[in-house]
Amino acid sequence: MPAIVTTGITKSFGAGETRTSVLRGVDFEAEAGEMTFLVGPSGCGKTTFISILSALLSADGGALSVFGTEPNRLKSGDLVRFRRDMVGFVFQQFNLLPALDAAENVAVPLIIQGVSPRKARQRACAWLELLGLGAHLGKLPSELSGGQQQRVAIARALIHEPRLLVCDEPTASLDAETGRQVIELLREVSLNPERAAIIVTHDDRIYPYADRIAFMADGRLTHVERPDPARIPARPIRGETQP
Amino acid sequence: MLGIALKMLFGDIVKMLGLVMGIAFSTLLMAQQGGFFIGLISRAANTVTEAQGVAIWVMDPKTETAEGPTAMRDVELYRVRGVEGVRQASPLVQATTTLRTPQGRSSAAAFLGVDDASLLGINPRFVVGSPEDLRRPDAIALDQLGFSRLWPGEPLATGKEIEVNDRRATVVAITEALPGFTAPVIVYTRLSQALSYVPGGRNRLSFILVEAEPGRDPRAIAQAISAQTGLLALTTPEFQRRTIDYVLNNTGIAPSFGVVIALGAVVGILVTGLTFTLFVNDNLKQFAVLKAMGLSNWRLLGMVLAQALVVAFIGYAIGLWIASGFFDAVNQPFSDLKGFWLPWQIAVMVAGATAVIVSLASLIAIRRVLRLDPATVFRG
Ligand SMILES: Nc1ncnc2c1ncn2[C@@H]1O[C@H](COP(=O)(O)OP(=O)(O)OP(=O)(O)O)[C@@H](O)[C@H]1O
Ligand SMILES: [Mg+2]
């Protein structure tokens, strides 16, 4: 059974006159050890859908299993713990905490889990070294370039070894070359037989990095493609990425 | 997470300073006005506070305050002396008069005439000279404040001549006295002397000061005096209380200070509330990210409260520091504001008020954070 399975997910916003149906029955699967891209026109519901996968939103209807857990059935305290332990997030706008330096930002998920700040920082530094940011550990986000900030955000998304990685337009705020480097790095460090990575993107130049591409339109999944494996840039995919 | 909360706070230094200053300002206003209020009303009882060794104050039942006595007949002194448990009873004549220097400077003063023999009721803090000097003819003891008013800029010295109601008096000693309420300058002299300075005939006793027999309960003796003489006899603390209550009930002091203090609290709530809400609003996205990453509402609440408490503490410390600096600066022997201080009870009350102010001010911000939808992290 695939790591992530959804059937007939529906979601609408508002009530009465203004009620809009955003997801109209999404059937979706994603495998661990793969990068699944979610693509489609603006407003088709991609962000809404990954919010449901990552337990930020609850679905109105349908069934959903994430590594055997059904977030729709969790109580609110368990939902918080589910996000804390199971999910890593990467955002278009990086969303680093501006008052914390790079290493502190990366350490936040561990601190939320209760790891001591000192230990958390040590592990954060190791992750940043791995991502080539060893020289920038003590810099504030405002002192880093967009590509560097997004690499910090990737380290933050992975430091607590989440089984689900969700990225919403991770390259949209970056120039083409930086975007390519970031997705390459993401592929290199995030892929792991225990982890499913789901990446929402508009950027078709990075499609070759996908294991699968799921196309959405108007609140539904229309079809899934496997890009030509020959086009995936030849890079060793590491099974074990923990620094 | 507390470390992160504090970094967020100090990362936004402008708002942080705004918060600290809002709280410091309201702390300063409340502490300064509170201390001022206490200092001012306790002035009314300062002549009672200063009278050393007096256990019981006997007065006409119509006397309400230490500074506004109704005169009693001289014979009452002997009746009080006859009461069991009274070790010594001495007369005190009190009046407010004007002191005048030959150079034409003048100052109002509270004139206290104590028993010629015992000098009971005199304040013991003599800066120049001693109580015994009062036994000389025309002798008076003036306090430092009065001296600086009558001879501004001159070094403290005895032997100066002044006029009291067209009669000559010589300053033979200088005391350090707590100022009175109606007249801040305090003058001590012998009773016989006082009677010659202050117009009127016999039967002008203001108070009878009683020393109790050792080991006897002053309260019981006071009751015995009241019962046997029909006069009002109060222990020293009771009389201080009665005087201050009278001032509180018969002047606008309490309400007018109350208004300023309440204003300080309201300004504190508004400034702090507004700034803190702005601060949290600016950081809402960050709180949403933390919430998305699995930080519980309880711990978010802890972060916001920690931020509020830290600014409250810093603001309170600064406000109290400035207020106590103010009181240190004004509480000088020659200052018109001498005798004002910052009682620790006021500091504690202001701390409580600050805690309430900050709690109220952070309510809106806390509500925002608790209701924050973590799904907004994906929205621009
Ligand atoms: N909280 C909400 N309340 C009301 N409407 C919402 C809410 N969230 C999303 N929508 C609407 O749902 C629709 C789908 O939004 P969603 O963000 O999921 O699309 P998307 O595919 O991610 O689009 P884009 O590519 O522009 O990011 C949009 O019309 C949006 O306005
Ligand atoms: Mg979107």
### Query
Any idea what angle helix B:13-43 forms with the longest principal axis of chain B, computed on alpha-carbon atoms, 0 to 90 degrees, nearest 10?
20 degrees
### Query
Could you give me the ³J(HN,Hα) list for the stretch B:230-247, computed from phi with Karplus coefficients 6.51, -1.76, 1.60 and θ = phi - 60°, whole Hz, x at Gly and Pro?
x, 8, 8, 10, 10, 5, 4, x, 5, 6, 4, 4, 4, 5, 5, 4, 4, 4
### Summary
Between the Cα axis of helix B:344-371 and the main Cα principal axis of chain B, the angle (0 to 90°, nearest 10) is 20 degrees
### Task
Quick one: among A:136, A:223, A:202, which has the greatest mean-square fluctuation in a GNM of chain A with alpha-carbon springs under 10 angstrom?
A:223
## Note on the structure
In deg cm²/dmol, rounded to the nearest 500, the helical mean residue ellipticity at 222 nm of chain A, built from -39500 (n - 2.57) for every DSSP H run of length 4 or more, is -9500 deg cm²/dmol
### Task
Note the buried accessible area between A and B here, summed over both chains, with a 1.4 Å probe, in Å² to the nearest 100.
2100 Å²
### Amide H contacts under 5 Å for residue A:10, placed H, 5+ residues apart
A:25, A:26, A:60, A:61, A:62
### Accessible surface, per residue, of the stretch B:73-230 when the full set of protein chains is kept, probe 1.4 Å, Å²
42 Å²
### Summary
For the stretch A:82-96 the residues that are at least 50 Å² less accessible with all protein chains than alone, 1.4 Å probe, are A:83, A:91, A:95
### Task
Roll a 1.4 angstrom probe over the protein heavy atoms and tell me the percent of accessible area of the protein assembly as shown that is carbon or sulfur.
57 percent
#### Entry: Choice from B:310, B:330, B:289 showing the highest fluctuation, given a GNM over chain B with Cα pairs closer than 10 Å
B:289
### Query
Mean projection of the alpha-carbon convex hull of chain B over all orientations, in nm²?
24.4 nm²
#### Entry: Euclidean distance between Cα centres, the stretch B:231-261 to the stretch B:1-58, Å
21 Å
## Note on the structure
Checking A:38, A:96, A:74 against a Gaussian network model of chain A (alpha-carbon springs below 10 Å), the top fluctuating residue turns out to be A:74
#### Entry: the stretch B:159-239, relative contact order [Cα under 8 Å, separation at least 6], %
14 percent
### Query
222 nm [θ] for chain B, helices only, -39500 (n - 2.57) per DSSP H run of 4+, per residue, to 500?
-17000 deg cm²/dmol
## Note on the structure
Candidate cut points under trypsin sites (Lys or Arg not before Pro) in the stretch B:59-164, DSSP loop plus at most 14 other Cβ atoms within 10 Å of their own Cβ, are B:62, B:73, B:105, B:125
### Query
Given a Förster radius of 45 Å and the C-beta distance between residue B:223 and residue B:266 as r, what FRET efficiency does 1/(1 + (r/R0)^6) yield to the nearest 0.05?
0.45
### Message
As I understand it, the value is the acute angle between the Cα axis of helix B:218-229 and the longest principal axis of the Cα atoms of chain B; what does it come to in degrees, rounded to 10?
### Response
50 degrees
### Task
Could you grab the Rg to Rh ratio for the stretch B:73-230? Cα atoms only, Kirkwood for Rh.
1.02
### Query
At residue B:136 and residue B:349, where each label point lies 7 Å from the Cα along Cα→Cβ, what is the point-to-point distance in nanometres?
4.5 nm
## Note on the structure
So, over other residues within a Cβ distance under 13 Å of residue B:141, counting Lys, Arg +1 and Asp, Glu -1, the net charge is -1
### Percentage relative contact order, chain B, counting C-alpha pairs under 8 Å, at least six apart
29 percent
### Task
Output the residues of the stretch B:361-380 meeting this criterion: accessible area (heavy atoms, 1.4 Å probe) in the chain alone minus accessible area with all protein chains in place is 20 Å² or greater.
B:374, B:375, B:377, B:378, B:379
### Task
Report the accessible area of residue B:285, computed with a 1.4 Å probe over the heavy atoms of all protein chains in place, in Å² rounded to the nearest 10.
70 Å²
### Message
I need the Debye-formula profile for the protein assembly as shown: one equal scatterer per C-alpha, no solvent, reported as log10 I(q)/I(0) at q = 0.09 1/Å, two decimals.
### Response
-0.77
### Query
Rounded to the nearest whole Å³, what is the per residue volume of the convex hull around the Cα atoms of chain A?
132 Å³
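The values are calculated or read from the model by the stated rules, or taken from the named source; none is laboratory data. Everything numeric here is computed off the predicted structure, so don't read it as measured data. Every residue, glycine among them, receives a Cβ derived from its backbone with ideal geometry; neighbour counts consider all protein chains shown. Side chains are part of the model used for accessible areas, which takes the heavy atoms of the whole protein and leaves out ligands, DNA and RNA. Shrake-Rupley method; radii C 1.70, N 1.55, O 1.52, S 1.80 Å.
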